[in-house]
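Below is one structure, written out as structure tokens; comments come after it.
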Amino acid sequence: MNSDPTVLLSPPGAELLAHLAELSPDALPDLAVATRLRRQYPPGLVAAAMAQHELRLAARAKFSRAARMLFTRAGYEQSSSEMIARHRVARLRHAQTVADLCCGIGGDLAALAASAPGRPLLAVDLNPVHARLALHNAATYAAGSAARACVADVRDIRLGGVEAAFIDPARRDGAGRFRAGTSEPPLDWCFGLAGSVPATCVKAAPGLDVRIVPAGWEVEFVADGRDLKEAVLWSPALATAPEVAGEPTRRRATVLPGGHTLIPVPGEPVPVREPGEYLLDPSPAVTRAGLVEDLARKVEGWKIDPRIAFIAVSREVTTPFARTLRVVDSAPWNEKRFAARLSELGVGAADLRRRGLAGDVEAIRRRLRLAGPHRATIALTRVNDKPWGLICADLGTALAADSD
């Protein structure tokens, strides 16, 4: 049976998808419904529609108009969310013509189309199905979109007249994900693109080794809440983070949905002292960008160990770049002592944050024998290179027998 999603661009395909959405808006239809649909429509069309309905349900987490878009599974899984795509597109808003290279199913093309209706856009992909879906999805966000598609290897395309280029090189194939830093086309080719299109933006995996990024480029790590999503590499023509002496690349950490962004904060070296009344657990975007000390300067905090990415402060701090925790207990790590203290505090559920301290987190959790109605965060870490533990509570919550 044919599950090619482009068959759903036909009037019968669109009708069937609408029928599925009406019959089963939040789940796959049951067997009886599927059997009845096969008597009304060709089996291949039903198979394609069922697969597409399932993808649309999953895609609601990424796209506000998922119910009208079309996907392949691989294209959906590699696509950025609508929110992240819009964040990136904001820096390309002044370009009159933009090329979306390795466009996939067109998540970024849709954001480009929506940001400037009527702007000429070129979508390029080696997969003819993705190229066709990209145009459909761009039109879903911008009726009358001026996007056109080209089925080709991006390395064979001439980009004369293009003012800005966005490229999302493939990081997986039929066998699975490539290792971090490996892509098709290779990142070296993507960086070289800036020689012909100075305003170039490259999407990369968040585990990217920043040492491979050319000097003058900006590396932006983007998190959605506490989840690190991707690295965005901006060519020198688009880089806006300040240059730092001795650093070849510029650095930025961005936390969505608020769009809060952290860049290097100049100042004196951050002191190292024992924990204070509050502990800040920085966003993974901040740690990957190497901006922990910059955040510490911004909140007037200090580090508890030269190599550990926790920040201590003496007052309650609210920042989009870290989770602030109130320290209930802080002492050299001793598993039996902490087990007793957690029992006294009535902690039955805990988020164990291990940084700089060896050990199997789940084995430690089992040995602590947590029981009680309260939740806590337990930081297993080092203070001045000594094994240390901190029992912490979220702001505004209290634990049983909390002496604070």
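Readers should treat all values here as calculations from the given coordinates under stated rules, not as data from a laboratory. As the structure is a prediction and not an experimental result, all values here were calculated from the model. Glycine also receives a Cβ, built like all others from the backbone with ideal geometry; neighbour counts cover every protein chain displayed.
So here's what we get for this one:
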{"read-out": "P(r), alpha carbons of the range 200-310 - 10 Å bins starting at zero, rounded %", "value": "15, 45, 32, 8, 0"}
{"read-out": "Distance (nanometres) between label positions extended 7 Å along Cα→Cβ at Asp26 and Arg315", "value": "4.5 nm"}
{"read-out": "Estimated inter-spin distance, Arg354 and Glu268, nm [label 7 Å along Cα→Cβ]", "value": "3.7 nm"}
{"read-out": "Lys/Arg +1, Asp/Glu -1 at C-beta; the range 5-59 dipole; positive extreme among Ala32, Gly44, Gly13", "value": "Gly44"}
{"read-out": "Residues Asp227, Asp26 arranged by fewest to most Cβ contacts within 10 Å", "value": "Asp26, Asp227"}
{"read-out": "Likely footprinting exposure, Met69, Met50, Met83, fewest C-beta neighbours within 10 Å first", "value": "Met83, Met50, Met69"}
{"read-out": "Unsatisfied cross-links (Cα-Cα over 31 Å) in the set Lys303/Lys336; Lys229/Lys336; Lys298/Lys336; Lys62/Lys303", "value": "Lys229/Lys336; Lys298/Lys336; Lys62/Lys303"}
{"read-out": "Alpha-carbon gyration tensor eigenvalues x 5, square-rooted, for the range 5-59, Å", "value": "15, 14, 9"}
{"read-out": "Euclidean distance of C-alpha centroids, the range 69-134 and the range 348-404, integer Å", "value": "43 Å"}
{"read-out": "Convex hull of Cα atoms in the range 160-245, direction-averaged projection (nm²)", "value": "6.8 nm²"}
{"read-out": "Arg93-Ala340 pseudo-label distance in nm [points 7 Å out on the Cα-to-Cβ vector]", "value": "6.0 nm"}
{"read-out": "Cα gyration tensor, the range 77-260 - rounded (a/c under 1.5), prolate or oblate", "value": "rounded"}
{"read-out": "Area projected by the alpha carbon convex hull of the range 331-404, averaged over all directions, nm²", "value": "4.7 nm²"}
{"read-out": "Glu247/Asp209 FRET efficiency (R0 22 Å; Cβ-Cβ; nearest 0.05)", "value": "0.90"}
{"read-out": "Environment charge of Val124, counting only residues whose C-beta is closer than 14 Å and scoring Lys/Arg +1, Asp/Glu -1", "value": "-3"}
{"read-out": "Residue among Leu37, Leu256, Leu187 with the largest mean-square fluctuation in a Gaussian network model of the chain, springs linking Cα atoms under 10 Å", "value": "Leu37"}
{"read-out": "Karplus-derived 3J(HN,Hα), 6.51/-1.76/1.60, for each residue of the range 23-38, Hz, glycine and proline x", "value": "6, 9, x, 10, 7, 6, x, 6, 4, 5, 5, 4, 5, 5, 5, 5"}
{"read-out": "Gaussian network model of the chain, Cα within-10 Å springs - most flexible of Asp153, Asp209, Asp30", "value": "Asp30"}
{"read-out": "For Ser283, residues with placed amide H under 5 Å, excluding near neighbours", "value": "Ala322, Arg323"}
{"read-out": "10 °C / 1.306 mPa s Stokes-Einstein diffusion coefficient of the range 1-102, Kirkwood radius on C-alpha pairs, µm²/s", "value": "106 µm²/s"}
{"read-out": "Between the range 279-296 and the range 201-238, the Cα center-to-center distance that results, in Å", "value": "16 Å"}
{"read-out": "Gyration tensor verdict on the chain (Cα atoms; rounded if a/c is under 1.5, prolate if a/b is larger than b/c, oblate otherwise)", "value": "oblate"}
{"read-out": "Of Trp302, Trp234, Trp189, the one that fluctuates the most in a GNM where the chain has Cα springs shorter than 10 Å", "value": "Trp189"}
